[in-house]
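Please read the structure below before turning to the comments.
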Amino acid sequence: MAWHPARLLFALVLLQAGRAFAQEAISIEEPPPESVSADKTSIEKTFSPAKERERITEWIKDHLQNQPAFLRDATLFANFRTQYLRQDHFDATTTSEAWAVAGSIGFRTGYLFERLALGAAAYTSLPIYAPADRSGTALLKPNQDSYSVVGELYGKLRLTDDLMATAYRQELSTPYINRDDGRMTPNTFEAYTLVGTWSPGGDDGKLIYGGGWVTKMKDHNSENFVSMSEEAGVAINRGVAVAGASYVTKNGSIGLVDYFSNDVINIGYAEGKYSHEFESGLGLLGAAQFTDQHSTGSELLAGSSFGGNQVGVKVACSYAGAMATLGYTNTTSGTNMRSPWGSYPGYTSAQVSDFDRAAEQAFMLKASYVFSRVGMPGFSAYALWVHGWGVAPGVGPDHDEYDFDLQWRPRLPKLKGLWFRARFGMVNERGGTHATLDEYRLIVNYDFAAL
């Protein structure tokens, strides 16, 4: 697909406009943490509510102050982004490449009679530069065409102040069913969920619990919602039952989530973390995670019984905006880990590779820095190296990955949702041909609320 002047103009406006804004699962959607206390785990993100956007104007809100809460507390939000992605594959002859521009607009009402709220969001992604012979970036449809879809359409029922039910098309935030918002639009789901909180110790700690039934999923670059089993690769109609809980305090967290899809797969995930910051400014963190996966019922996903698990540990230290992180994961030899409904939560998961193949072990070293302490507010960067080894015979060669990420989020009041980002990832196979895969991404996001 060739250049289109109107689309090119629209993208340039997004790149230069004073009002244009955005998002990207923990390191996908957020900048590097400034300290260990800001380093959130997947379990701490589980069942979290939708983020609040920065409001770019107050005058509309001011005019609604005397209206019923259904209108007064309504939110109208938008997201604009443009992304260029190029991936030069291991065979040194195949390239995936596209530059796309995307947008979404949505609304959420206040509560009617303090109980019922409604919400919706529509998404689109349009090609700017998308050669037909370079598909595979997932910025657009597989054939490099545009797409549009109503990704969210839901009702929220506040049963009590601490218990909320949500029905139909919505975003979900859990370790294995999540937005995975690293392309142009996020994953969304047709689901029926119940989420609650309980604070037995007041401000000292909070229990977050939830569960539900997830029937369908819309992938990043799709216009269609398909059954969760079909998304996993099985041509039947099955949903996923989800249940979990986490306890979060100022310094730590612990929790677990279970996913069950009959005849397809059962995934259990547990994680715990503790961090502490000393008066000197030094911060230390330790975390551990465990995933167990196995076939269920008629075992249709692999055509036979399978089972395996992965264990991971992570330690980190922070000081004056700098942070160093070490991670290790070990996958059993029984099977590759699977993550068909979102991003993978493993500590050694990187920009390109998840390092979750059968018998694979991986070590990760990451260094990040937030530049606000040296007079560059909003700038941050990180570099990481992941070394994988021991992959089961026949699964593939061992490899290393090297990533670099530079971000700038302007701190000007009217530009708080604007986010510029440059990313580079290289995967280097060891043994055999020593082939490499290179990936380049340039991203501009602008995410804001008009109400």
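Consider Ser125 carefully, then state whether it is under 15 Å from Ser146 (Cβ atoms), open to solvent by 10 Å² or more (accessible area, probe 1.4 Å), of a type in the set (Ser, Thr, Tyr) and under 24 Å from the mean Cα position of the chain (by Cα).
Values: under 15 Å from Ser146 (Cβ atoms): yes; open to solvent by 10 Å² or more (accessible area, probe 1.4 Å): no; of a type in the set (Ser, Thr, Tyr): yes; under 24 Å from the mean Cα position of the chain (by Cα): yes.
Judged against the criteria, Ser125 is not a match.
Looking across region 424-451 at every residue that is charged (D, E, K, R) and surrounded by fewer than 20 Cβ atoms within 10 Å (Cβ to Cβ), the one that is farthest from Thr95 (Cα to Cα) is identified as Arg430.
Any chance region 350-364 includes a residue that's closer than 24 Å to Phe90 by Cα, hydroxyl-bearing (Ser, Thr, Tyr) and over 21 Å from the mean Cα position of the chain (by Cα)? No, there is no match, as no residue in region 350-364 is closer than 24 Å to Phe90 by Cα, hydroxyl-bearing (Ser, Thr, Tyr) and over 21 Å from the mean Cα position of the chain (by Cα). Among the residues of region 338-352, the one identified as open to solvent by less than 30 Å² (accessible area, probe 1.4 Å) and aliphatic (A, V, I, L, M) is Ala350.
Of everything in region 35-57, what is in a loop (DSSP other than H, G, I, E, B), modelled with pLDDT of 80 or more and farther than 21 Å from Trp419 by Cα? Give them in sequence order.
Passing the criteria: Thr41, Thr46, Phe47, Ser48.
When the residues of region 302-319 are filtered to those that are open to solvent by 40 Å² or more (accessible area, probe 1.4 Å) and aliphatic (A, V, I, L, M), the one that is nearest to Tyr369 (Cα to Cα) is Val315. When you look at Glu299, is it of a type in the set (D, E, K, R), in a loop (DSSP other than H, G, I, E, B) and either buried (at least 18 other Cβ atoms within 10 Å of the Cβ) or more than 21 Å from the chain's Cα centre (by Cα) (or both), yes or no? So Glu299 passes the test. Screening Ser333 with (1) over 25 Å from Tyr440 (Cβ atoms); (2) open to solvent by 30 Å² or more (accessible area, probe 1.4 Å); (3) small (Gly, Ala, Ser); (4) in contact with a Pro (Cβ under 9 Å, 6 or more places away or on another chain) gives one miss only, at (4).
In region 138-164, the residue that is farthest from the chain's Cα centre (by Cα) out of those that are closer than 27 Å to Gly196 by Cα, among the acidic types (Asp, Glu) and open to solvent by 40 Å² or more (accessible area, probe 1.4 Å) is Asp161. With the requirement that a residue be surrounded by 15 or more Cβ atoms within 10 Å (Cβ to Cβ), under 30 Å from Ser305 (Cα atoms) and of a type in the set (Gly, Ala, Ser), what does region 242-286 give you? Answer for region 242-286, where residues must be surrounded by 15 or more Cβ atoms within 10 Å (Cβ to Cβ), under 30 Å from Ser305 (Cα atoms) and of a type in the set (Gly, Ala, Ser): Gly244, Ala245, Gly255, Ser261, Gly268, Ala270, Gly272.
Checking Asn221 against (1) in a loop (DSSP other than H, G, I, E, B); (2) open to solvent by 50 Å² or more (accessible area, probe 1.4 Å), only one condition comes out false. Which one? For Asn221, the exception is condition (2). For Ile236, the requirement of being open to solvent by 20 Å² or more (accessible area, probe 1.4 Å), under 30 Å from Ser135 (Cβ atoms) and outside any helix (DSSP H, G or I) is met. Inspection of region 152-174 identifies at least one residue that is part of a strand (DSSP E or B) and modelled with pLDDT under 95. Can you name the residue in region 348-404 that is of a type in the set (Lys, Arg) and not in a loop (DSSP other than H, G, I, E, B) and, of all such residues, is nearest to Val315 (Cα to Cα)? Per the stated criteria, the residue is Lys366.
The values are calculated or read from the model by the stated rules, or taken from the named source; none is laboratory data. Note that the structure is predicted; figures quoted are calculated from it, not measured. In this analysis, Cβ positions are derived from the backbone assuming ideal geometry, glycine residues included, and neighbour counts consider all displayed protein chains. Protein only, heavy atoms only, side chains kept; ligands, DNA and RNA dropped before computing areas. Shrake-Rupley method; radii C 1.70, N 1.55, O 1.52, S 1.80 Å.
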